[in-house]
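Following: one structure in structure tokens, then a few remarks.
No lab work stands behind these numbers, since they all come straight from the coordinates. This one's a predicted model, so the numbers in the text were calculated from it and none came from an experiment. Heads up, the Cβs are rebuilt from the backbone with ideal geometry, glycines too, and the neighbour counts pull from every protein chain shown.
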């Protein structure tokens, strides 16, 4: 097969798309779990520990948001390697993007939890639920419903951000695209295929979120 | 004979140096309906919220059926319980809020079933059965499958009452249950509360409905400025108040309600 033909280009880029999806999925899971945990601690921690917790979580969120994700990936990949801890590009990308995403989602979840009337949780505690049960049955279902549009935005942004993992040689779409361009010089065709591939991954994700929003909103 | 359900002794609470409750003491017998009345800011709601420790009192003792509420001895030191430690105690103290606080993502039936299911450890089918029984008691069985936002304010408050009933608490606290309702919806909620009082439930009712308090409560406590000014049988305190402050307050609200001052 001619390496410059469209099927050959697509086959190569598809391998990259798989890596991109792995990075995006891993980073999303890390961001979701850590972001939610930080938000719960941030919002519900009580008096003696509240000040210190707000300070630490606030600092984390600011730091992660104010530094480009690319810089985080470089530190995790090249920085750690120089002190003898070599991460694979994929692991470095998942960790870096996940830690940045956790800061973004911590803000999103915190805002939704604060927007929920405090009485909703109080009513749950007053009828004998433990704080954990109140969180599971009253707070989180509503917070997830409120934040679904923001989560959808984050997911699409994350998929696009996997492109920067090419800078640490993670074999994703743009990494293969660039190497194909240098060997075949089919520049517009290859980047066109790459764009098509991103769109065809992101579009279903958007569609799924929109559908989920409609379904969760339909009950009420 | 010991038929005392609740004792509150020496309750104190301040917010940022401003005292809201100054040494409140009273008790409640089993099956009794007690009404707390008084002007806004007199500490009625705070007092109520201290009983189930939604507010942590600064000082004082609360006991329900002989069990100390909200305090625990650990390693020789007494301290406030955490919310997790409080959960089993709060199960026995139901609370109805001014703004209902139903959970909007659950149907009416699931709102009522949740306490029994989660706090009571009931099976799903038993909890749902109990929920329907409770809804029947507030005459809203036909709304079981609706979401709360489809209901009127009065109906929402009756669902909140059903939710508290399903909790099978020893004591129910009502925190101004009709204050957020349109005037024409107040009656249906009061009717339900009256039925519960007639059924012999133990209740404490913070309310601005003075006439209702007189009719339904066995006893009335009048609070002002964080202290109990006067207490006694409902008809006595409201019809023949002994203290000048009680008379002044009843005169104001009496005028608004068309009662003889």
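Between B:189, B:112, B:72, where does the largest GNM mean-square fluctuation fall for chain B, given springs only between Cα atoms within less than 10 Å?
Highest fluctuation of the listed residues: B:72.
As a footprinting exposure proxy, order B:40, A:88 by other Cβ within 10 Å, with the fewest listed first.
Lowest to highest Cβ neighbour count: B:40, A:88.
Explain nothing, just the number: relative contact order of chain B, from Cα pairs under 8 Å at least 6 residues apart, as a whole percent.
Numbers: 485 pairs, mean separation 63.4, N = 261.
Result for chain B is 24 percent.
Would you mind classifying the range A:19-118 by shape? Square roots of the alpha carbon gyration tensor eigenvalues, ordered a ≥ b ≥ c; an a/c under 1.5 is rounded, otherwise it is prolate if a/b is larger than b/c and oblate if not. Working shown, then result.
Working: a/c = 2.82, a/b = 1.82, b/c = 1.55.
Taking the square roots of the gyration eigenvalues as a ≥ b ≥ c, the range A:19-118 is prolate.
In whole percent, what relative contact order does chain A give with Cα contacts below 8 Å and a gap of six or more residues?
Averaging sequence separation for qualifying contacts and normalising by length gives 32 percent for chain A.
Under 1.5 on a/c is rounded, so check that first for the range B:1-64, then, if it is not, pick prolate when a/b is larger than b/c and oblate when it is not; a ≥ b ≥ c are the square roots of the alpha carbon gyration tensor eigenvalues. Let's see the in-between values first.
Details: a/c = 2.41, a/b = 1.63, b/c = 1.48.
Because a/c hits 1.5 or more and a/b exceeds b/c, the range B:1-64 counts as prolate.
When the distances between all Cα atoms of chain B are binned every 5 Å from zero, what whole-number percent does each bin get?
Spelled out bin by bin, chain B gives 1, 6, 13, 17, 18, 17, 13, 9, 5, 2, 0, 0 percent.
Under the Kirkwood approximation applied to all pairs of distinct alpha-carbon atoms, what is the hydrodynamic radius of the range B:142-203 in Å?
Across the range B:142-203, the inverse of the average 1/r is 12.3 Å.
Sequence gap at least 6, Cα distance under 8 Å: using those rules, report the relative contact order of the range A:117-220 to the nearest whole percent.
Worked out over the range A:117-220, it gives 27 percent.
Once Rh for the range B:31-86 is found with the Kirkwood sum over Cα pairs, what is the Stokes-Einstein diffusion coefficient at 4 °C and 1.567 mPa s, in µm²/s?
100
What shape does the protein assembly as shown have by the C-alpha gyration tensor, where a ≥ b ≥ c are the square roots of the eigenvalues, rounded means a/c under 1.5, and otherwise prolate means a/b greater than b/c and oblate the rest?
Prolate, because a/c is 1.5 or more and a/b exceeds b/c.
Test of understanding: in a Gaussian network model of chain B with alpha carbons linked when under 10 Å, which of B:174, B:53, B:26 would top the mean-square fluctuation ranking?
Result: B:26 has the largest fluctuation of those listed.
Compute a Gaussian network model of chain A, connecting alpha carbons closer than 10 Å, and tell me which residue from A:26, A:16, A:119 fluctuates the most.
Largest GNM mean-square fluctuation: A:119.
Exposure proxy check: B:175, B:83 ranked by fewest other beta carbons within 10 Å?
Lowest count first: B:83, B:175.
Using Stokes-Einstein with the Kirkwood hydrodynamic radius over Cα pairs, what translational diffusion coefficient do you get for chain A at 25 °C and a viscosity of 0.890 mPa s, in µm²/s rounded to a whole number?
It comes out at roughly 126 µm²/s.
From largest to smallest, what semi-axes in whole angstrom does the range A:85-199 give when each is the square root of 5 times an eigenvalue of its alpha carbon gyration tensor?
After diagonalising the Cα gyration tensor, the semi-axes are 43, 16, 9 Å.
With r as the distance between the Cβ atoms of residue B:227 and residue A:206 and R0 = 60 Å, compute the FRET efficiency 1/(1 + (r/R0)^6) and round to 0.05.
The pair residue A:206/residue B:227 has a calculated efficiency of 0.45.
Quick check: pseudo-label points 7 Å beyond the Cα along Cα→Cβ at residue B:77 and residue B:168, how many nm apart are they?
Label-label distance for residue B:77 and residue B:168, simple model: 3.8 nm.
Most exposed first by the Cβ proxy, i.e. fewest other Cβ within 10 Å, how do B:249, A:44 rank?
A:44, B:249
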